[in-house]
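The values are calculated or read from the model by the stated rules, or taken from the named source; none is laboratory data. Note that this is a predicted model, so its numbers are computed, not measured. In this analysis, Cβ positions are derived from the backbone assuming ideal geometry, glycine residues included, and neighbour counts consider all displayed protein chains.
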Amino acid sequence: MSGDYTPLGFTVPAEYAGLRLDLALARLLPEYSRSRLQEWVTRGLIKLDGLPATVRQKVWGGEAIEVLPHPHPSEQPHQPENIALDIVFEDDSILVINKSAGLVVHPGSGNWEGTLLNALLHHAPQLAGLPRAGIVHRLDKGTSGLLVVAKTLAAQTALVRQLQARTVRREYYALVYGAPARDGTVNAPISRHPTQRTRMAVAEKGKPAVTHFGVAERFPATSTGSWQVCTLLRCKLETGRTHQIRVHLASIQHPLVGDSTYCKGAQKCPPALRAILAAFPRQALHATRLGLSHPVTGDWMEWQAPLPEDMAQLLAQLRAASHELA
């Protein structure tokens, strides 16, 4: 029924007198969620006595309600969109993309259009026949860098198996606050946050997650270099949990610069550097290296993506500011 655009007509029963419209609608149309009905009201798809309705207005019995059911975007086939892709490699089996920051990988709540999946369907229409259009792993919206997409079901199956076997090489640059004393590993399970469902968290009963990190560059804030404002790390994933690097580094008190979800509160920082870091609009995370066995030939292949312009500029500003403070 969700795909039926035929208007539905109702007369408000007398016993509904005094109810808010959304509550009355929930009784009249129990097959739809209240949030769906409220959305239809907001979009002008529900009229009360011929006039656009509002969610909180009350009904008193006898009013005529007209509803134009409209499918939710999640129920509709994903549409191809002509969105530019930075293609690093492509053959008949796989496609390697250097994703820009800000591009959502897969449609979801609040992002039903303009995603990498929509772009892939335009670039290679045959991907419509594959689960998730061949996407086998994801990068967060605010993360840039390399990811691989399968172009056939056989390639998708092979890539998923490699990911499960932890043989895919994935390395990231991450700019974090503070100064990790040495290279290290975070081995801590991750699950959905118990109360904040848009976040992940280290949890004893979560899924196994392992992140290795090494220091690539430090940014001293004093002439003696006795402490650092932030450090550029090179991270290597063994597993690929949602938000893994962000959660793991925050758990050891080195949250990513620009990460509004996991970096809470002001960080210790000289004013000259604080302004530079605060202006960075996303988490400073870039997937710089990707390596895997080709799903058809079995040959080992690797790709590298240099730091995007925004992160490169951020590091240059930090170097200059740190030099002035020295």
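With respect to ARG289, determine if the residue is among the charged types (D, E, K, R) and closer than 14 Å to THR211 by Cα.
no
Those residues that are in contact with a Ser or Thr (Cβ under 6 Å, 6 or more places away or on another chain) and either surrounded by 14 or more Cβ atoms within 10 Å (Cβ to Cβ) or under 17 Å from ALA275 (Cα atoms) (or both), I need them from segment 305-326; list them, please. Write out each step before concluding.
The initial filter retains those residues of segment 305-326 that are in contact with a Ser or Thr (Cβ under 6 Å, 6 or more places away or on another chain), namely 305, 308, 326.
Answer for segment 305-326, where residues must be in contact with a Ser or Thr (Cβ under 6 Å, 6 or more places away or on another chain) and either surrounded by 14 or more Cβ atoms within 10 Å (Cβ to Cβ) or under 17 Å from ALA275 (Cα atoms) (or both): ALA305, PRO308.
What is the number of the single condition among (1) on the phi < 0 side of the Ramachandran plot; (2) part of a strand (DSSP E or B) that GLY145 does not meet?
(1)
Suppose the filter is in contact (Cβ under 8 Å) with a residue 24 or more places away in the chain, outside any loop (DSSP other than H, G, I, E, B) and either among the hydrophobic types (A, V, I, L, M, F, W, C) or within 30 Å of ALA305 (Cβ to Cβ) (or both); does ALA24 pass it?
Numbers: in contact (Cβ under 8 Å) with a residue 24 or more places away in the chain: yes; outside any loop (DSSP other than H, G, I, E, B): yes; either among the hydrophobic types (A, V, I, L, M, F, W, C) or within 30 Å of ALA305 (Cβ to Cβ) (or both): yes.
Criteria met by ALA24.
Taking the condition touching a strand residue (DSSP E or B) at 6+ places or on another chain (Cβ under 7 Å) and either of a type outside the set (Lys, Arg) or not assigned by TED's automatic domain parsing to the domain that holds ALA201 (or both), does GLY298 pass? Show your work before the answer.
Values: touching a strand residue (DSSP E or B) at 6+ places or on another chain (Cβ under 7 Å): no; either of a type outside the set (Lys, Arg) or not assigned by TED's automatic domain parsing to the domain that holds ALA201 (or both): yes.
No.
Conditions: (1) in contact with a Phe, Trp or Tyr (Cβ under 9 Å, 6 or more places away or on another chain); (2) surrounded by 14 or more Cβ atoms within 10 Å (Cβ to Cβ); (3) hydrophobic (A, V, I, L, M, F, W, C); (4) assigned by TED's automatic domain parsing to the domain that holds SER33. LEU48 meets all but one. Number of the miss?
So the condition that LEU48 fails would be (1).
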